[in-house]
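Working notes, structure below.
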Amino acid sequence: MKIMNCPLNGPRNISEFVYGGEVKTMPNHQTCSDKEWAEYVFYSDNTIRIITEWWYHAASGYWFIAERHTASDEILKTYDPSELFNQRVDFESKPELAEEQSV
């Protein structure tokens, strides 16, 4: 049985977690092209290295960050997202889209 340490709930069975994707710099959602956004959402580097990832503990609804080695699948460290992020990103419609939707 594989165990992952949840920063909120402590060591838990890996089956309680859902992978959320790699932590990477998000392009500006209002100015980037569709191609740039698709690359951000769908593509990853897929190389052997230590990667920083989003994980979700389904039982508690808690999102956190884990550092994992992609070859060995060893989880090296887990921590609260506040250690990396101190601002919330609000997604608003592009002004031209809001006008089109109101017509």
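In the stretch 1-77, counting only strands (runs of 3 or more DSSP E) that sit wholly within it, the ones holding 1 or more residues that are acidic (Asp, Glu), modelled with pLDDT under 95 and touching a strand residue (DSSP E or B) at 6+ places or on another chain (Cβ under 9 Å) span 17-22.
Taking residues in the stretch 69-81 that are more than 10 Å from Arg49 (Cα to Cα) and without any contact (Cβ under 8 Å) to a residue 60 or more places away in the chain, and partners anywhere that are β-branched (Val, Ile, Thr) and assigned to a strand (DSSP E or B), the pairs with Cβ atoms closer than 9 Å and at least 6 places apart or on different chains are Leu76/Ile50; Lys77/Ile65; Pro81/Ile65. Under 16 Å from Met4 (Cα atoms), among the small types (Gly, Ala, Ser) and either surrounded by 11 or more Cβ atoms within 10 Å (Cβ to Cβ) or touching a Phe, Trp or Tyr at 6+ places or on another chain (Cβ under 7 Å) (or both): does that describe Ser44? No: the conditions fail for Ser44.
The values are calculated or read from the model by the stated rules, or taken from the named source; none is laboratory data. For clarity, every value in this text was computed on a predicted model and none was experimentally measured. Glycine gets a Cβ as well: all are built from the backbone with ideal geometry, and neighbour counts include every protein chain shown.
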